[in-house]
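Notes follow the structure.
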Amino acid sequence: MSLDRANKIILIVDDEEEIRHLLDRLFRKEGFATITAKDAMDALMQLQDHDVDLVITDIRMPGMDGLELISQIHEIKPQMPVVVISGYGSLDTVLDAVDKGAFFFVSKPFNQNSIIDAAMKGLRLPQPFHEPSLSPPGATLTVSFSFQPDVELISKANHMISSVVNLMGYPTSQCNIAVPFVTDELMMMGMRQSTPESRDTITASIKVATDETVLSFQSAKKVFERRLLPKDMSDFDLGDPESVGLMMARRYSDSLEFAEGGGAAVAVIRRKPHDHP
């Protein structure tokens, strides 16, 4: 399930013309289709006129700011992944953006790889499921598999896992963002810390019940090192994409734990009240 970049449209929203042009050139060079908007109102008009797959927006803009724009975007397209970029990278700003529905956060000044990686995270998310098929109360479904970390496999696994979560009747925000994001981040951690010459096989077990989803990952190597998961949210490095990814994974999880020795990670995501796309 490789990503067809030419058919993915990214909407870039920033009041600074230089930033808009920089991101426009960057993503076009990477093979994506792009649209730009100079402010929030322009962005909302572009969303009405184009089939956008991902939005990248600044927070501080004249008129409607980026946080309000996120809310407006999700009124139109509830499951649209939104990546926030900002030069005001305080923890409170990040958490405000997440609470508003931001998918990921990148602080300015950013390097090219960090913004591309953030966009790829959003574009790897499964397409929204709109009509979940409720399973009988008390049912539990389990998906187990072993893999050598690979980006294409991560995308396939996320679609499979999301289908199971959808079958259990979870809200679309959990089927298409929360559960896939946490899965993606933990699997990417395994990939980042393994070398092509000696990639460790990771065993994953995803148990989905009517009340919670448990994501378990096991590795013989120290892939899930506890030191990578600070105890306090304020200890995360907002300038480091990997640290931000872990912070967001913790934010999306009701609990996220790494075993001593780095051999396992377990995330629990409890079922939330149902939302309506």
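Figures for the structure shown
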{"read-out": "Enumerated strands (runs of 3 or more DSSP E) restricted to the range 139-240, each holding at least 3 residues that are farther than 27 Å from residue 102 by Cα and among the β-branched types (Val, Ile, Thr)", "value": "140-147"}
{"read-out": "Which numbered condition residue 248 fails, given (1) over 20 Å from residue 144 (Cα atoms); (2) in contact with a helix residue (DSSP H, G or I) (Cβ under 6 Å, 6 or more places away or on another chain)", "value": "(2)"}
{"read-out": "Test: residue in the range 130-148 that is under 22 Å from residue 190 (Cβ atoms), surrounded by 16 or more Cβ atoms within 10 Å (Cβ to Cβ), at pLDDT below 80 and not assigned by TED's automatic domain parsing to the domain that holds residue 54", "value": "yes"}
{"read-out": "Filtered residues of the range 32-57 (kept if within 15 Å of residue 115 (Cβ to Cβ) and either among the small types (Gly, Ala, Ser) or not in a strand (DSSP E or B) (or both))", "value": "32"}
{"read-out": "Residue list for the range 166-181, filter: closer than 18 Å to residue 252 by Cα, of a type in the set (A, V, I, L, M) and in contact with a Lys or Arg (Cβ under 9 Å, 6 or more places away or on another chain)", "value": "178"}
{"read-out": "Test: residue in the range 91-108 that is over 20 Å from residue 239 (Cα atoms), in contact with a helix residue (DSSP H, G or I) (Cβ under 7 Å, 6 or more places away or on another chain) and in contact (Cβ under 8 Å) with a residue 40 or more places away in the chain", "value": "no"}
{"read-out": "Members of the range 58-78 that are within 16 Å of residue 10 (Cβ to Cβ), outside any helix (DSSP H, G or I) and in contact with a Gly (Cβ under 7 Å, 6 or more places away or on another chain)", "value": "58"}
{"read-out": "Complete set of residues in the range 78-90 that are over 19 Å from residue 40 (Cβ atoms) and modelled with pLDDT of 80 or more", "value": "79"}
{"read-out": "One residue from 30, 17 being out of contact with any helix residue (DSSP H, G or I) (no Cβ under 9 Å at 6 or more places or on another chain), modelled with pLDDT under 95 and in the same structural domain as residue 114 (by TED's automatic domain parsing)", "value": "17"}
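The values are calculated or read from the model by the stated rules, or taken from the named source; none is laboratory data. Just so we're clear, the structure is a prediction, and the values are computed from it rather than from any experiment. Positions of Cβ are backbone-derived with ideal geometry, glycine not excepted, and every protein chain shown enters the neighbour counts.
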